[in-house]
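Since the structure comes first, as structure tokens, the remarks are kept for the end.
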Amino acid sequence: MKIIDLRSDTVTQPTPAMRKAMAEAEVGDDVYGDDPTVQRLEALAADMVGTEAALFTPSGTQANLIALMCHCQRGDEYIVGQGAHCYKFEGGGAAVLGSIQPQPIQPEKDGTLNLETVIKLIKPKDIHFVSTRLLCLENTYNGKVLPLDYIDRATQFVKEYNLSSHLDGARLFNAAVQQKVTAKRIAEKFDTVSICLSKGLGAPIGSVLCLPRAMIADARRWRKALGGGMRQSGIVAAAGIVALSDHIGRLAKDHENARHLSNRLCEIDELDVDNEATQTNMVFFTMKKETPHRLADHLYHYGILSPTLFQTVRFVTHLNVSRDDIDFVIEKIKDFFTS
Ligand SMILES: *Cc1c(COP(=O)(O)O)cnc(C)c1O
């Protein structure tokens, strides 16, 4: 049976071109800085994102944590959205491993953090308080693209308040494709930017932390301490180079498919679809009477994998989901409500 996996864009299978690049990759020991393929990937990522340097990491979680640990010392603080990945979905790593205090705030509906609210949360310089060091944003946030003028304001704002900025750009290229701008246009004014190769870009493993040259030594040290110093990692970096070189343009297809999925879900009365929130490759809906578990059980019989973690169901399109797959999914969801 064909599997249609809508749980995330992390589930993509590496393409034949990626497997070939991996098989043929020239490698060395990257802990010694000797892997030419890792170096090529890092140079490419830095160039595309607009930073001086970059560091290949095994996961996006680790890239974000390294950034936090470079920006913040023990007893410092980062301001972050309540639902942000690097606050809510990373096992509390900043606090657990970095001794860094999060200051979460409720994001606006478009995924931005209100800068007036941020100002009020910056701690006074006084022994009672941690030092506020960093503002973290996420783009895309729940599939939503941060407005460019907001990014310009926020990156200017951090300068005025003497903070640093980190962008969790796990899906930065989805944002760039949707806004028809380069990733650099969105990312270059941030101090650090993490990007995921293993989401919609389709690589099997890996993220890149893009950063200033002055931070690279610290970042390499924290990556080693966190267990992310890898050896002949050019094997996986090779797939990342294919992802960055050949898979960005095709994200538009995932966005079209998500739009199609969102529109067709709206045909189903039993669902409340957040149709306006569908901007890139994610679709969100709730059910008036049913549970995500019961829906997922039904769809599973037809090879469709659907998430059950939250009451709001998130479907994600990616390179292994076609328009025909979406029509098949719609048919099976309709069956669920009529059977
Ligand atoms: C997936 C993701 C990450 C990193 O996840 P890993 O699974 O650790 O690679 C970070 N931020 C966002 C917004 C993500 O979606």
Problem set entry | Condition met for C86 (in contact with a strand residue (DSSP E or B) (Cβ under 8 Å, 6 or more places away or on another chain), more than 16 Å from the ligand (Cβ to nearest atom) and either β-branched (V, I, T) or within 24 Å of L163 (Cα to Cα) (or both)) | no
Seminar exercise, completed: Note: among G83, G75, G93, G98, just one is under 25 Å from I216 (Cα atoms), small (G, A, S) and surrounded by fewer than 16 Cβ atoms within 10 Å (Cβ to Cβ), namely G75
For this session: From L309, L305, grab the single residue that is open to solvent by 10 Å² or more (accessible area, probe 1.4 Å) and either at pLDDT below 95 or over 23 Å from H255 (Cα atoms) (or both).
Result: L309
Exercise. Of all strands (runs of 3 or more DSSP E) completely enclosed by region 146-251, which ones contain at least 1 residues that are surrounded by fewer than 23 Cβ atoms within 10 Å (Cβ to Cβ) and in contact (Cβ under 8 Å) with a residue 12 or more places away in the chain?
Worked result: 164-169
Problem set entry | Positions within region 1-33 being under 10 Å from N320 (Cβ atoms) and in contact with an Asp or Glu (Cβ under 6 Å, 6 or more places away or on another chain), in sequence order | I4, V11
Exercise. Can you find even one residue in region 180-198 that is more than 20 Å from the chain's Cα centre (by Cα) and away from the ligand (no atom under 16 Å from the Cβ)?
Worked result: no
Exercise. Which is over 21 Å from A214 (Cα atoms), within 13 Å of the ligand (Cβ to nearest atom) and at pLDDT 95 or above, of T37, T61?
Worked result: T61
Exercise. Just wondering, is there one or more residues in region 48-55 that are within 16 Å of the ligand (Cβ to nearest atom), open to solvent by 30 Å² or more (accessible area, probe 1.4 Å) and within 17 Å of the chain's Cα centre (by Cα)?
Worked result: no
Problem set entry | Top-ranked residue in region 1-28 [being surrounded by 15 or more Cβ atoms within 10 Å (Cβ to Cβ) and farther than 30 Å from V329 by Cα; ranked as nearest to the ligand (Cβ to nearest atom)] | M22
Problem set entry | Test for K125: is it within 16 Å of the ligand (Cβ to nearest atom), among the basic types (K, R) and open to solvent by 60 Å² or more (accessible area, probe 1.4 Å) | no
Exercise. Taking region 284-302 as the search range and keeping residues that are of a type in the set (A, V, I, L, M, F, W, C) and touching an Asp or Glu at 6+ places or on another chain (Cβ under 8 Å), which one is surrounded by the most Cβ atoms within 10 Å (Cβ to Cβ)?
Worked result: F285
For this session: Can you give me the number of residues within region 81-106 that are in a loop (DSSP other than H, G, I, E, B) and within 16 Å of the chain's Cα centre (by Cα)?
Result: 6
Exercise. Of all residues in region 318-339, which are surrounded by 15 or more Cβ atoms within 10 Å (Cβ to Cβ), of a type in the set (V, I, T) and more than 13 Å from I3 (Cα to Cα)?
Worked result: I330, I333
Problem set entry | Residues of region 34-46 that turn out to be open to solvent by 30 Å² or more (accessible area, probe 1.4 Å) and either out of contact with any Leu (no Cβ under 7 Å at 6 or more places or on another chain) or polar (S, T, N, Q) (or both), as a count | 5
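The values are calculated or read from the model by the stated rules, or taken from the named source; none is laboratory data. The structure displayed is predicted, hence computed values, not measured ones. Cβ sites come from the backbone with ideal geometry, for glycine too, and all protein chains shown count toward neighbours. In case anyone asks, the SASA skips ligands and DNA or RNA and just uses the protein heavy atoms, side chains included. Shrake-Rupley method; radii C 1.70, N 1.55, O 1.52, S 1.80 Å.
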